[in-house]
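Notes follow once the structure below has been shown.
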Amino acid sequence: MASAPDNVVSPDFGDPVRRLAAQLKAKYSDRITGELTVPGREARYEPLPDELDGRLKEALRQRGLEQLYSHQRAAWDAIRAGQHTVVVTPTASGKTLCYNLPVIQDALETGAKALYLFPTKALSQDQVAELVELNQAAELGIRAYTFDGDTPGDARQAVRTKGDIVVSNPDMLHQGVLPHHTKWAQFFESLRYVVIDELHTYRGVFGAHVANVMRRLRRICRFYGSEPIFILSSATIANPAELAQQLAGDAVTAITDSGAPSGEKHLLLWNPPVVNADLGIRASARSQATRITRSAVARGLKGIIFARSRIMVEILTKYLKDTFDSDPRRPSRVAAYRGGYLPTERRRTEQQLRSGDVDCVVATSALELGVDIGALDVCVLNGYPGTIASTWQRIGRAGRRNRASLGVVVASSQPLDQYIVRNPDFFTGASPEHARIDPDQLLILLDHVRCAAFELSFQRGECFGGEPLEELLEYLAEQGVLHREGDAWHWTEDSYPANSVSLRSVAEGNFVVVDQTEGGRRIIAEVDYASAPETLYEGAIYLIQAVPYQVEYLDWDGRKAYVRETPVDYYTDAIDYTRLKILENFESETAADTDTSRGEVHLVRRIPGYKKIRYYSHENIGFGKISLPDQEMHTTAVWWQVHPEALAEAFPSRQQALDGFLGAAYAMHHVAALRLMAEPGDLGRAVGDGDAEWFATTGPGGRGQLRTLDGGEADPEAQREFRPAVFLYDNYPGGVGLSAPLFDQRAAVAADAYELVASCGCEQGCPSCVGPILASEESRGFSPRAAALTALERFARDGTQG
Amino acid sequence: MALKDRLNTLRRESGVEPASASAGDVASRLERLRAGSRPRSSAPPDAKRPVDPHALAAGLGARVLGDYLLCREVAVSAAATEALSAALTTAPGLPERSEIDPGSLLFVDTETSGLAGGTGTLVFLVGLLRWEAAGPVCRQYLLTGFGGEPALYQSLSAEAATASLVVSYNGKSFDAPLLRDRACLNRQASPLAALAHLDLLAPMRRLFATRWPDCRLATAEALLLGEHRSDDLPGDQAPLAWFDFVHRGDTQRLPGVLSHNEQDLVSLMRLLPPLLGAHQAPLAYGGDVAATARAWLRHGSEDRARDLLADAEACLADAERLELARLARRAGDRDTAVRIWRALAEQGNERAIEAIAKHYEHRLGDPSTALAWARRLSGLEAQRRCRRLESKRDGAMAQGELGL
Ligand SMILES: [Zn+2]
């Protein structure tokens, strides 16, 4: 660090965290784009419920609990009143007690059983450990077991018949429990609670699948005469009750007011300094994150750094160890924690953190949830984690009851990161993140109707999902999957349908990525059919946890891509000739200069080749050809257009308009993903005329090119009519419900994108705002960034007026 | 767009179509095509022909039991039961079932709509073979629709009420759980739950897993009964026969399934005598002596285990000979034990050396010879033993000197 004296700014000398925050602000004011202080909060308590079982009271007392936080008591009251309940509270606010208390109470009173669902296995293990501890504290005699792929065959029978609380995950429920429900008959007959933790992770495709698994679960419960109460817990999102209701299938009471105490929290948003203004290149987030952490640890504070990939964990750990663990005779002060480490190793690190033997841990999201690591002072995020909810969860790892804590979000150069650090409002206002699911997405629904029919024959008059069930059943009957006899549809296929339905994808056409490094055949990733052509072509560099793998062979029919780890200094970018035809306009808004619409589109995508682009400089260093069949897709989209007169007025040339629309699409794509809580890959973007007459693409020189149907280049000025549109489409066949909320937020998306580009530190445009700029200013004759702003300004202005 | 068209389009676009053309599917689709090319009456392949249950029953030699349930009853040649009676007089049981009463047996074999397991797998044919007053009878319950399941499970429960031991081949892990699950789905009692279950696959594997390429029923028939079924139906054909029937009213392949099931049941009964015999004299059947002896031992028949090993001593491996020595010693036959230990000890077998050292130390009170043996052993335990023997020997010598 530079050598500013330590006592320059010290508003509160007593608290080392406040002191550090103040010093960072004073010294790096140009890098801190936003700051926020959340004042500390006193605990609000309520008495233990009178009816609480004496043994449970005793167990709580042994853990030092004489009363409940107000939200825990509110949850108790709602659940005991038989209401489906969602608890929305911050990290470390005692949310597990919200469901453990009523569940255990009922198990003691009536022998009621509970099913706990966690999105990952690691969380399940931690949960069972906690239950076992609580149980032993007062000899409650409650049996909690995990049931997942690791549960040995000979233990499964005991779990099914003896477990009071069974802890599992949605995939296991889908493939291992529901299709064998008769083995679980006893369990389902007494099932009274379904607990779903980390609700906010059930969104998008995964969420739509899980909502259907819950439909199946409720159907099976009805067969056994039970009607469980759903208890859900979620990080802060904009619509927890709505999402919870989609999973519970009924109205859900939301408890959002936490009674847990918290210390003062300081949040800094940190943008690394620009080191090359021409190319818009900033210093790496890594260098900044290490620097901040070093100064924290040097002051005797305990810290955690979250990195987005395993490899980044290793790099950061090395840098910090070079500083703090250079003396081999002393015990280590820095530890790494990530997936892929042995459980024993991870337990040891957790223990060292709790006991304070380690000063700093570098972790992936493996440490984000649940795991108890004691209290830390400082949390540094090396890159934006993708959602605000998860940012808060990670930052929540720092903070003790009565002491200040500091969180620093260090942005990478990705557009979403750049956008976030420049918009601290996102962290202060109500959550902008809507977790959206569309459980009636036709293919997903059809998959689960199949699975449900396998589990239990469908009777006429039954309900399952929002599409006409009988038509779906007849469709399957025509294929011979089902057979109708009287008023019932029965399974008639020699197969086990759940095995061919992955909860993480739409339909079953997924590709697997097979790593043949070191002669192996290890499956390291799964890629949705829709995104396979643009990511898995031969020659593509496919990144996993920032490690580059090159695709050597693509077996299109076998749905496999064979890759090998390859050290390269470039990434590949598919040249995407996507043309869209608007089939139906569902809704439209016409404003002064623009039209925004939502509707069904038919999309034909051709991937003729790819570019190799060098890291950092973004130079184009080569091309490759791709020969893949054209992809077709029907989906829904939102599109933005500027009226022809306004367009002619705004842009001196059609070429500029084209570049402006392409840049606008790039920025809008990324901010829309944020608003929809989606991965950027869940949405696609395109610029075209909506009639599939022409589409626009960024050519080898970095200039927008207008291409006709056959892929040939055309002169924009020569077109009789010129009505370009920015399309953002739902990147799954049939759509997964992203376009409706996108249309609702059309104004915000345009305004966010404008804000992103306008506040970017670059001159002509860069990968953080309008996309890589390959053509020079001179060859182009105008600034792509300015052109994008011209388009975005019109979309945004009309949006606010409308 | 109509729902169906939307679905078709979406499924094509999501890659489901080519993905479904994997090897297994092509094979089964080809099967269907072949089935479709057989001579068929006027009905097109996809049109469901209404099947008259009485006509079907007549065609299959069965009677109608209910709306969707037929029952076919055939007398079985008494030769099989006579052979079983004869076998039981000399070999009354197996390690897991010491006494077998032929009158209480219920041989069970099912045909299902698939092998995947799970609640969606239907048992459409349950064949039973039992020994009734008039002789052995095979009764087959055939579903002609899903509506027949409740009646099926009621019939099975009635059958089970007069039997006490289910005999099956792999039925413990396949047929019985499926019957239990489908009964549960139809809110019926699990029909076989109250009966003991003898799954012949376990004893068959015990005897022959290390001797035969596999222990499938057909292999057992070939190698124990010397029979090869010529016109049998491969396992995966049963589901197709059933699907042909429910989807298209095509009954052509049902007789084949019925006779396959009947043969399986008869085989089960005929395999029992050689299985009983082989548990008495494994070598005579080419069976695994050691595994058989272990099974007898596990089920408490130590004498029989020892006899089996003693009869086969010449061809036993070292570990098995040691086991024989252990059993002989426990039965008081120390001579046999010592003979085996000495023979093995001379070849350097450590466990035998240890046993013989113990024998000299504790039984013969000869610490010097014991020590000589013990010195051939290595390891901490052996060193401790040597030290103890040395002091014992020295003590004995000192006493001897005193005695002088
Ligand atoms: Zn920029």
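The values are calculated or read from the model by the stated rules, or taken from the named source; none is laboratory data. These numbers come from a predicted model, not from an experiment. Because the Cβ atoms are built from the backbone with ideal geometry, glycine has one as well, and the counts that use them run over all protein chains shown. The accessibility values were calculated without ligands, DNA or RNA, using every heavy atom of the protein model including side chains. Shrake-Rupley method; radii C 1.70, N 1.55, O 1.52, S 1.80 Å.
Placing +1 on the Cβ of every Lys and Arg and -1 on the Cβ of every Asp and Glu, with nothing else charged, gives region A:511-568 a dipole about its Cα centre of roughly 120 debye. The convex hull built on the alpha-carbon positions of region B:301-401 has an orientation-averaged projected area of 6.9 nm². Between B:Ala310, B:Ala291, B:Ala382, the Gaussian network model of chain B with springs among Cα atoms under 10 angstrom shows the greatest mean-square fluctuation at B:Ala382. In this calculation the C-beta distance from B:Lys392 to B:Arg339 is compared with R0 = 30 Å, giving a FRET efficiency of 0.75.
In chain B, the longest principal axis of the Cα atoms and the axis of helix B:78-90 are about 20 degrees apart. A dipole drawn for the protein assembly as shown from +1 and -1 charges on Cβ atoms has a positive end, and of A:Ala404, A:Ser653, A:Ala158 the residue lying farthest that way is A:Ala404.
Working from label points 7 Å from Cα in the Cα-to-Cβ sense, the B:Ala158 to B:Glu99 distance is 3.1 nm. Placing pseudo-labels 7 Å out from each Cα toward the beta carbon at A:Thr428 and B:Ser368 gives an inter-label distance of 10.1 nm.
If you plug the beta carbon distance of A:Asp154 and A:Asp440 into 1/(1 + (r/R0)^6) with R0 = 45 Å, you get a FRET efficiency near 0.65.
Overall, the protein assembly as shown carries a charge dipole of about 3740 debye about its Cα centre when +1 sits on the Cβ of Lys and Arg and -1 on the Cβ of Asp and Glu, all other atoms neutral. Give the calculated FRET efficiency between A:Ile523 and A:Leu583 to the nearest 0.05, with a Förster radius of 22 Å applied to their Cβ-Cβ distance. Efficiency at R0 = 22 Å is approximately 0.05.
Among the lysines, which have Cα under 25 Å from the Cα of A:Lys612 when same-chain residues fewer than 8 positions away are ignored? Within reach: A:Lys560, A:Lys625.
Volume per residue for region A:452-538 equals 138 cubic angstrom (convex hull of Cα atoms). Sorting A:Asp691, B:Asp232, A:Asp557 by accessible area puts them as A:Asp557, A:Asp691, B:Asp232; the probe is 1.4 Å, largest comes first, and only protein heavy atoms count. Ligands, DNA and RNA excluded, the heavy atoms of A:His448 present near 0 Å² of accessible surface to a 1.4 Å solvent probe.
Modelled label positions at B:Ala2 and A:Ala646, each set 7 Å beyond Cα in the direction of Cβ, lie 4.3 nm from each other. Beyond 36 Å, what share of the Cα-Cα pairs of chain B remains, rounded to the nearest whole percent? More than 36 Å apart: 46 percent of the Cα pairs in chain B. Convex hull volume of the C-alpha atoms in region A:575-801, normalised per residue: 118 Å³. Summed over qualifying helices (DSSP H, 4 residues or more, each -39500 (n - 2.57)) and divided by its residue number, chain A shows a 222 nm mean residue ellipticity of -10000 deg cm²/dmol.
Considering only A:Gly737, A:Ala678, A:Val638, the residue lying farthest towards the positive end of the dipole of region A:575-801 is A:Ala678, judged by Cα position with unit charges set on Cβ.
If the segment from A:Glu66 to A:Asn499 were pulled out straight at 0.36 nm per residue, it would be longer than the present Cα-Cα gap by 151.1 nm. Taken over the C-alpha atoms, region A:123-184 has Rg and Dmax values of 12.0, 36 angstrom.
Computed from backbone phi with θ = phi - 60° and the Karplus coefficients 6.51, -1.76 and 1.60, the 3J(HN,Hα) list for region A:720-737 is 5, 10, 9, 10, x, 9, 8, 10, 10, 10, 6, 8, 10, x, x, x, 10, x Hz; x is used for glycine and proline. Solvent-accessible surface, computed for protein heavy atoms with a probe of 1.4 Å, shrinks by 40 Å² or more for the following residues of region A:404-446 when the other protein chains are added to the isolated chain: A:Leu442, A:Leu443. Packing around the peptides B:300-309, A:48-57, taken as the average count of other Cβ atoms within 10 Å per residue, puts them in this order, highest first: B:300-309, A:48-57. With the charge dipole of the protein assembly as shown set up from +1 on Lys and Arg Cβ and -1 on Asp and Glu Cβ about the Cα centre, the Cα lying farthest toward the positive end among the listed residues B:Leu200, B:Ala312, A:Val205 is that of B:Ala312.
Each pair of Cα atoms in region A:450-597 enters the Kirkwood radius, and Stokes-Einstein at 37 °C and 0.692 mPa s then converts it into a translational diffusion coefficient of 169 µm²/s.
Size of chain A: Rg and Dmax of its alpha carbons, in Å, are 27.5, 86.
Remark: mean inter-chain Cβ contacts per residue of A:169-180 equal 1, using a 10 Å Cβ-Cβ cutoff to other protein chain atoms. Residues in region A:575-801 average 36 Å² of solvent-accessible surface per residue, probe 1.4 Å, ligands and nucleic acids excluded. Taking 27 Å as the straight-line reach from the Cα of A:Lys95, the lysines in range (excluding those fewer than 8 positions away in the same chain) are A:Lys57, A:Lys113, A:Lys121, A:Lys162, A:Lys265, A:Lys302.
Build a GNM of chain B with springs between Cα atoms under 10 Å: which of B:Arg253, B:Arg329, B:Arg388 gets the top mean-square fluctuation? With Cα springs under 10 Å in chain B, the top fluctuation among B:Arg253, B:Arg329, B:Arg388 is at B:Arg388. Taking the protein assembly as shown, the Cys residues with no second Cys beta-carbon under 4.7 angstrom are A:Cys98, A:Cys221, A:Cys360, A:Cys379, A:Cys451, A:Cys463, B:Cys71, B:Cys138, B:Cys184, B:Cys215, B:Cys315, B:Cys386.
Cα-based values for region A:511-568, radius of gyration first and Dmax second, are 10.1, 29 Å. Dipole size of region A:611-680 about its Cα centre, with +1 on Lys/Arg Cβ and -1 on Asp/Glu Cβ: approximately 340 debye, rounded to the nearest 20. Shielding by partners for peptide A:484-493, expressed as the average number of C-beta atoms from other protein chains within 10 Å of each residue's C-beta, is 5.
Across every pair of non-identical alpha carbons in region B:254-301, the mean reciprocal distance, once inverted, gives a Kirkwood radius of 12.5 Å. A helix-only calculation puts chain B at -16500 deg cm²/dmol for mean residue ellipticity at 222 nm, using -39500 (n - 2.57) for each DSSP H run of at least four residues, averaged over all residues. Inter-chain Cβ neighbour count for B:115-128, averaged per residue, equals 5 (cutoff 10 Å, partner chain atoms only). Eigenvalues of the alpha-carbon gyration tensor of region A:442-500, scaled by 5 and square-rooted, set the equivalent ellipsoid semi-axes at 15, 14, 10 angstrom, largest first. Highest mean first, the peptides A:254-264, B:186-196, A:154-164 sorted by other C-beta atoms within 10 Å per residue fall in the order A:254-264, B:186-196, A:154-164.
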